[in-house]
Structures are given as C-alpha cells and as structure tokens.
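Computed from the coordinates by the stated procedures, all read-outs in this text should not be read as laboratory data. Note that the structure is a prediction, hence the values are computed from the model and not measured. Ideal geometry is used to build each Cβ from the backbone, glycine not excepted, and the neighbour counts take in all protein chains shown.
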C-alpha cells in the first residue's frame with residue numbers, strides 16, 4: 001500500500017516556470033527566472049521578450065536549495081539574475097547541452113541527464129529520483145535551432161515506499177509519443193504543465209491551451225497545475241484557453257490554478 005508521507009509535499013508558484021518544491025527533506029527550485037516586469041529575457045538569434053510580471057519571491061529570499069531542476073537553457077528559464085546570484089555549488093540537474101554551458105560559467109555541480117537517465121539525491125532514509133523524459137521545443141527540424149529541452153519525473157521515496165510522483169513537462173509541444181511517459185511512469189500524482197503557446201517568428205514552440213489539454217488527457221495525473229503562460233510577450237495562448245479546453249475534454253476537475261506566491265499541497269491520497 002502507498003503510505004502517507006509525514007514530511008511536507010508542496011509547490012510554490014513563483015512565476016513563469018519557476019517553482020519551489022518542498023519534497024520531504026528536499027527543497028528544489030525549477031527553471032529560475034527572477035527578472036522583473038519590463039526587463040528582457042534573451043532567447044538567442046538576437047531575439048528577446050519583455051517580461052510582464054514580477055516574481056513572487058526574490059532570489060535572495062529563497063531557502064537553502066538541495067538542487068535546481070532546469071528544463072533547458074533559455075533566458076526565461078535561467079536568466080542573468082540566476083547566473084549571477086545562484087550559489088555556484090548548488091547541483092543543477094539539466095540537459096547535457098545546458099550542463100556544458102553552465103560548467104563554463106562556474107556551475108561545477110551541473111549534471112546533464114540524457115533522456116530516460118536519472119540522478120538520485122539521498123538524505124537519511126529518503127530518496128529523491130529525477131529522471132529526464134522526452135520533450136520537443138518546437139516542430140520537427142525547427143526544434144533543433146532551439147536549446148535542447150527535457151521533461152522530468154520526480155519520485156520521492158522513503159524506506160522503499162514512494163510518496164510522490166511528479167511530472168514536469170518542460171517546454172514542449174504535445175506529441176503522441178509523450179504517452180511513453182505515462183507508460184513508463186504510471187500513477188502520476190501531479191503534473192506541472194508548461195503552457196503559453198509561445199511563438200517565435202510565428203512558430204509555435206510550447207503547448208497552447210489545446211495541446212495542454214491533450215497532454216492532461218493522454219498523460220493523466222491526479223492533479224495538473226498550469227504554469228508558464230502569461231509572463232512574456234511571446235506567450236500567445238492565455239490560461240483561459242487551457243481552462244476551456246480541459247472543460248471540453250471533461251478533465252477540468254483535475255486542474256488547479258495557482259496564483260503567483262501561492263503554495264499548494266502535492267500530497268496524494270492513499271491508494272493501492
């Protein structure tokens with residue numbers, strides 16, 4: 001039987017794809033973006049986008065981190081504030097592409113995870129396993145012009161009993177082969193879904209509301225939390241589009257919207 005974890009299981013939404021995860025004794029930060037409204041994130045090839053919102057928490061107010069989980073190296077996911085002010089010794093779990101660049105910037109604890117490979121953190125009888133899963137940041141061929149990206153499965157175990165399975169999509173389009181994630185990792189408790197319908201030079205490179213609803217249906221979780229949807233001008237699909245789409249598909253009861261700065265529990269109900 002699954003047992004209830006006595007330790008906290010929660011997520012705090014900071015903004016964009018930046019969240020603070022408190023998973024048992026571990027504290028993780030995802031995709032650190034601490035620019036303020038009006039500042040520009042640089043996306044490569046001379047492209048940039050102006051931020052519309054402020055982060056709910058400043059980088060200097062973060063608690064001590066056990067690791068940073070970075071889906072890819074884009075300016076709205078790892079910005080110049082993170083580059084300059086994150087501790088150089090913090091472990092960063094990311095793509096092999098991002099690992100190489102981060103190490104050149106002095107982040108010597110960066111670890112690159114090829115698809116389906118894992119990294120394990122341990123503390124007392126707790127184990128936190130992060131597994132890189134597929135993602136495609138744009139249409140075929142076009143995605144090769146953008147930084148490689150990954151999704152993540154985060155499993156928290158205590159004494160061999162799993163207390164939580166979390167799926168973080170990363171910046172990706174919905175593709176039918178994402179159902180591999182559900183086949184390899186059934187019983188997902190919660191999903192952080194990157195939305196926004198990001199368009200670069202008119203090309204869709206992250207899920208819009210319709211694609212996000214497809215993913216919520218094809219890779220089901222007890223709870224789905226939308227993030228990464230209205231912080232930048234290149235995000236063209238409003239959250240309302242996603243909420244309408246999940247309502248049409250009959251899965252709206254599994255969606256929870258977080259305000260920036262809000263914390264919600266990820267603790268799953270006990271089940272076989």
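How big is the Kirkwood radius of segment 71-180, worked out from every pair of different alpha carbons and given in Å to one decimal? Display every interim value, and only then the final one.
Numbers: mean 1/r = 0.0668 Å⁻¹.
Hydrodynamic radius (Kirkwood, Cα pairs) of segment 71-180 is 15.0 Å.
Listing 51, 222 from the residue with the fewest other Cβ atoms within 10 Å to the one with the most, what is the order?
Details: 51 23, 222 15.
Least to most surrounded, the residues fall as 222, 51.
Using the C-alpha atoms of segment 9-254, what convex hull volume per residue, in cubic angstrom, is computed?
Details: hull volume 28.5 nm³, N = 246.
In segment 9-254, the Cα hull volume divided by residue count equals 116 Å³.
For 179, 224, which order do you get if you count the other beta carbons within 10 Å of each Cβ and list the fewest first?
Working: 179 12, 224 26.
So the ranking, lowest neighbour count to highest, is 179, 224.
Taking segment 133-272, how much of its Cα-Cα pair set, in percent, is spaced more than 17 angstrom apart?
59 percent
Using a ≥ b ≥ c from the Cα gyration tensor of segment 21-125 (square roots of the eigenvalues), is it rounded, prolate or oblate, where a/c under 1.5 gives rounded and otherwise the larger of a/b and b/c decides, a/b for prolate?
Numbers: a/c = 2.06, a/b = 1.35, b/c = 1.53.
Oblate, since a/c reaches 1.5 and b/c is not below a/b.
What percent antiparallel are the DSSP beta bridges of the chain, to the nearest 5?
70 percent
Apply 1/(1 + (r/R0)^6) to the Cβ-Cβ distance of residue 144 and residue 90, taking R0 = 25 Å, and write down the FRET efficiency to the nearest 0.05.
Working: r = 29 Å, r/R0 = 1.18.
Step by step, r from the Cβ atoms, then E = 0.25.
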